[in-house]
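First the structure, in the form of structure tokens, and then the observations on it.
The values are calculated or read from the model by the stated rules, or taken from the named source; none is laboratory data. Since the structure is predicted, the reported quantities are computational estimates derived from the model, not experimental observations. Glycine gets a Cβ as well: all are built from the backbone with ideal geometry, and neighbour counts include every protein chain shown. Accessible surface areas use protein heavy atoms only, side chains included; no ligands, DNA or RNA. Shrake-Rupley method; radii C 1.70, N 1.55, O 1.52, S 1.80 Å.
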Amino acid sequence: MDFHSAGINDTAQKLKTDIKNGLKKSEALKRLNEHGENRLSEKKKTNIVLRFLSQFKDFMVITLIIAAAISFFTAYIEGEGSYIDPIIILAIVILNAVIGVVQESKAEHAIDRLRQMSAPEATVVRDLQVQKIPAAQVVVGDILLLGAGDCVAADARLVESVELKTNESALTGEALPVEKNSAVLLSEDTPLAERCNTVYATSTVLSGHAKAVVTHTGMDTQIGRIADMIGSEKSPLTPLQLRLEKIGRALGLGAVAICAVIFILGVLRRDGLLSSFMLSVSLAVAAIPEGLPAVVTVVLSTGVSKMAKNKAIIRRLTAVEALGSATYICSDKTGTLTQNKMTVSRLCSPYSEIDADSDEGKNLLKTAALCCNATVDSGEPTETAIVYAASQQKALVKDAVRLREEPFSSEKKMMTVEVEFDGRRFEIVKGAPEKVFALCRFPGNAYVLNNRLADEGLRVLAVATREGGELFELVGLIAIEDPERREAARAVALCKQAGITPVMITGDNPRTAVAIAARLGIAEKSDSAVTGAKLDSMSDKELCETVKTKRVFARVSPEHKVRIVKALRANGEVTAMTGDGVNDAPALKAADIGCAMGKGGTEVAKGAADIVLADDNFATIVKAVREGRGIYDNIKKVIHFLLSSNIGEIILVFFAGLMHLPSPLLPIQLLWINLVTDSLPAMALGVEKADSDIMTRPPVDPKKGLFTKNGWLDIALEGVFIGVLALLGFVLGRAFWGLDAGRAVCFCTMSICELVHALNSRSKHSLFSIGLLSNKRMNIAFAVCMLLQVGVVMIPQVAAVFGVVTLSFVQWSLVAVLGFALLAAVEISKRVKY
């Protein structure tokens, strides 16, 4: 039942309670036993061992485990084989499983923080006695007594209220204090932020006092519904995860096919069953870039460190690259695009706008401050803004004597005081312009000025004075707003330049939302906001069409925010959601990337987010997008490098088999190339500097694969060229110096080709245009791997383990020519294309 649309007596009757006497203690105990305590429920937590084991369902992970098992078996059969390969594969798989378990804990932590927000105690009436009880023991039908400073223990319908104002900003996104009135009867479709006859769990009482009957407790409260949404929403897979999953499946199936083909070729070549099996398994293992998960993790971790320096703290590792793929950024208004601090922004005399430091401006602020109960540091936010503005102009009066006060009420919508100051005795009234104008002799041009300010989304208060006469004299108008952050407009412009669409989603007033969105560049002044009531009337299909064109959504609930995010994702958009309130938490969890504010954000929002902006700066997200795009590009380069290198190894062995040649590489040589020569250069590729045009190009199309058709063609052709060069080295080496020397030349050619190819993979542009030695880590990786490769061949004891012979100067010269032929070929290709 929607109790905001029910009368007080109907509510009491429905809940079977006595408004005056409260529940009987026996009845309260009965209800507590029937419905449970007033707390957010804790789902039974899955055993950490089961959660750990559930991480091994991924196809790529299963393939890697099988590869490790086969690799271990072949190493065991060889007797003197190396176990390094299976050990590293298993280490990678276990590390990724640990990361997965940590990520799954996020929702539980977010709900724990929601529990911490609950009121510890509540004042209730039971058996006609006022008593304090633990908030967990509050039941439906209890009569709550509320006063200034109280945290509301449960959702409740007001029975009595006197000048009651509450802070619901974390729950609804409404920055201003909410005036409450028990006598109002509302329609059923009234948005949450406008339900002035109800109070909600975790909101706080700013001023006044009230009596209310509890309507919902625990998980049935608004905050409970949010907790349920957080718990039920699962963080979606990022674009890269989805693409890697497809590649992993293809590689796994491809490895099985390769294994079968190479084994059959070996048998037909009469290499023997065991030898053929060993080679086919080694090549199948080599075909799977088992180092890829580790390299991706390292690249993402490096990005985390860089982002932390730029005030973006990453809570979910894969969110780093997902942010780089973002096509929409949905932002809450209050505290995210704005400062969440009410500020006096404009002043008007009865005839025109005036400056705060003018005589008229100072007099207006001084007069208004005399009609406030706040101080510079504390009090009702609107009054605090006025007092602060007066203090800035040195317009505060300290020796005025207040003789009488008529406090603000929701019926009168104004506050009146009588003061004595400087030998004068006069009244001051401050409140809603239409109410104050009605008391004034001649408001001048104030009606026009008020409408203009209101159209800009500002909250306007009128101030008037009376000294002895019947009518008041209008002093002027004060416009108050929660101002936008100074850097927000620039950040929005950068988002648009990068092809990212910014959207405002807020629980605030539609007119205010559109005005601020227009000033920031998110929307046009002529645009209209889609309200929560309108969203309720839309089907999911209609909403999917609406989000394509609308940029402002106002008076929305947490459920609405989740629907909007899901509609964007259903349209194929990669969606980032920023926010700071409890009401933002479910949408933060449902989005591809959830970004919470670190300073002003609630712990609940932080717990549900993937990224926390430590400086609460919307502009920080733009820096994070740039970093994310660079990381995404680098991961693509790594995958390009590893796949083309592995294709080269497959081509080498496959064509050698077709040509009825002996195996050009031994299993241990293949494993060395795959684990050592590939790994360090791949990690160095992961820290390549981002291209200068990275924020002027559109986001990666989430509907497209990791590589275009031309991209896959490049990978295949480069792989074929690597394989052909290594095969040529084997054929020439075997022809001139024998089988062992041929294998050594082939081994070194393949290793050096892959090292050179790491250099090729740094950019789609020429190496010489970006700087051949500009990546210091690549320089180090290249040098170390080259020395290791030379050591393996030239140190006799090590060469014996790898089944190679030492090479002469002439043989090394052949290796160098073949290896660097790849560099020349790819450079020519780049010049032709770009």
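Odds and ends about this structure:
- Residues (closer than 23 Å to Thr512 by Cβ, open to solvent by less than 20 Å² (accessible area, probe 1.4 Å) and hydroxyl-bearing (Ser, Thr, Tyr)) located in the stretch 329-357: Ser331, Thr334, Thr336, Thr338
- Yes/no for Arg762 being out of contact with any Asp or Glu (no Cβ under 6 Å at 6 or more places or on another chain) and buried (at least 19 other Cβ atoms within 10 Å of the Cβ): no
- Condition check for Ile478: over 27 Å from Glu360 (Cα atoms) and surrounded by 20 or more Cβ atoms within 10 Å (Cβ to Cβ): no
- Unique match (being closer than 30 Å to Ala624 by Cβ and either open to solvent by 40 Å² or more (accessible area, probe 1.4 Å) or not small (Gly, Ala, Ser) (or both)) among Leu665, Leu643: Leu643
- Cross-chain or 6+ apart pairs with Cβ under 7 Å, the stretch 530-548 first and free of Cβ contacts under 8 Å to residues at least 40 places away in the same chain and farther than 25 Å from Ala515 by Cβ, then part of a helix (DSSP H, G or I) and open to solvent by less than 30 Å² (accessible area, probe 1.4 Å): Asp540/Ala567; Cys544/Ala567
- Scanning the stretch 415-453 for residues that are open to solvent by 30 Å² or more (accessible area, probe 1.4 Å), of a type outside the set (Lys, Arg) and free of Cβ contacts under 8 Å to residues at least 40 places away in the same chain yields Glu418, Glu420, Asp422, Gly423, Glu434, Ala438, Leu439, Tyr447, Val448, Asn451.
- Among the criteria (1) acidic (Asp, Glu); (2) at pLDDT 75 or above; (3) open to solvent by less than 10 Å² (accessible area, probe 1.4 Å), the one Glu360 does not fulfil is (3).
- Condition broken by Leu773, with the remaining ones in (1) open to solvent by 60 Å² or more (accessible area, probe 1.4 Å); (2) of a type in the set (A, V, I, L, M); (3) in contact with a Pro (Cβ under 7 Å, 6 or more places away or on another chain) satisfied: (3)
- In the stretch 168-196, the residues that are at pLDDT 85 or above form Cβ pairs under 6 Å with partners that are surrounded by fewer than 23 Cβ atoms within 10 Å (Cβ to Cβ) and aliphatic (A, V, I, L, M), at six or more places apart or across chains, as follows: Ser182/Val159; Cys196/Val184.
- Taking the criterion of being assigned to a strand (DSSP E or B), within 11 Å of Asp2 (Cβ to Cβ) and not hydroxyl-bearing (Ser, Thr, Tyr), no residue of the stretch 190-207 qualifies.
- Scanning the stretch 324-354 for residues that are basic (Lys, Arg) and not in a strand (DSSP E or B) turns up Lys333, Lys341.
- Residue in the stretch 744-753 that is part of a helix (DSSP H, G or I) and without any contact (Cβ under 8 Å) to a residue 12 or more places away in the chain present: no
- Qualifying residue in the stretch 274-288 (condition: outside any helix (DSSP H, G or I), out of contact with any Lys or Arg (no Cβ under 7 Å at 6 or more places or on another chain) and at pLDDT below 70): yes
- Of all residues in the stretch 651-662, those being surrounded by fewer than 24 Cβ atoms within 10 Å (Cβ to Cβ) and β-branched (Val, Ile, Thr) number 1.
Here is a yes/no grid of residues against (1) part of a loop (DSSP other than H, G, I, E, B); (2) on the phi < 0 side of the Ramachandran plot; (3) at pLDDT below 90:
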position: Gln13; (1), (2), (3): no, yes, no
position: Asp18; (1), (2), (3): yes, yes, no
position: Lys45; (1), (2), (3): yes, yes, yes
position: Val49; (1), (2), (3): no, yes, yes
position: Phe72; (1), (2), (3): no, yes, yes
position: Ile89; (1), (2), (3): no, yes, yes
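- Any hit, the stretch 750-762, residues being among the acidic types (Asp, Glu) and under 21 Å from Ile651 (Cβ atoms): yes
- In the stretch 129-181, the residues that are open to solvent by 20 Å² or more (accessible area, probe 1.4 Å), hydroxyl-bearing (Ser, Thr, Tyr) and not in a helix (DSSP H, G or I): Ser161
- Taking the stretch 1-36 as the range and being under 23 Å from Pro120 (Cβ atoms) and buried (at least 16 other Cβ atoms within 10 Å of the Cβ) as the test, the residues that pass are Gly22, Leu23, Ala28, Arg31, Leu32.
- Of all the listed residues (Ala690, Ala614, Ala609), the sole one being hydrophobic (A, V, I, L, M, F, W, C) and in contact with a Leu (Cβ under 9 Å, 6 or more places away or on another chain) is Ala609.
A quick yes/no check of all residues on (1) in contact with an Asp or Glu (Cβ under 9 Å, 6 or more places away or on another chain); (2) at pLDDT below 95; (3) surrounded by fewer than 17 Cβ atoms within 10 Å (Cβ to Cβ):
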residue	(1), (2), (3)
Met683	no, yes, no
Glu688	yes, yes, no
Asp691	yes, yes, yes
Arg697	yes, yes, yes
Lys703	no, yes, yes
Trp712	no, yes, yes
Ile715	no, yes, no
Gly723	yes, yes, no
Arg743	no, yes, no
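- Selection of the stretch 577-605 for residues being part of a helix (DSSP H, G or I) and surrounded by fewer than 24 Cβ atoms within 10 Å (Cβ to Cβ) yields only Glu603.
Conditions tested, residue by residue: (1) at pLDDT below 90; (2) loosely packed, with under 15 Cβ neighbours inside 10 Å.
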site	(1), (2)
Met778	no, no
Cys785	no, no
Val793	no, no
Val798	yes, yes
Gly803	yes, no
Gln811	no, no
Ala816	no, yes
Lys830	yes, no
Tyr834	yes, yes
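- Checklist (1) at pLDDT 75 or above; (2) within 29 Å of Val492 (Cβ to Cβ) applied to Ile264, failing item: (2)
- When the stretch 517-538 is filtered for residues that are crowded, with 21+ Cβ neighbours inside 10 Å and at pLDDT 90 or above, the ones remaining, listed by number, are Ala517, Leu520, Ile522, Ala523, Ala529, Val530, Leu535.
- Any pair with Cβ under 9 angstrom, 6 or more apart, that starts in the stretch 759-784 at a residue that is in contact (Cβ under 8 Å) with a residue 24 or more places away in the chain and hydroxyl-bearing (Ser, Thr, Tyr) and ends at one that is assigned to a loop (DSSP other than H, G, I, E, B) and open to solvent by 90 Å² or more (accessible area, probe 1.4 Å): Ser766/Tyr834; Ser774/Lys689
- Test: residue in the stretch 747-754 that is touching a Lys or Arg at 6+ places or on another chain (Cβ under 7 Å) and either open to solvent by 60 Å² or more (accessible area, probe 1.4 Å) or at pLDDT below 95 (or both): no
- Members of the stretch 489-516 that are under 16 Å from Tyr328 (Cα atoms), open to solvent by less than 10 Å² (accessible area, probe 1.4 Å) and in a helix (DSSP H, G or I): Ala491, Val492, Cys495
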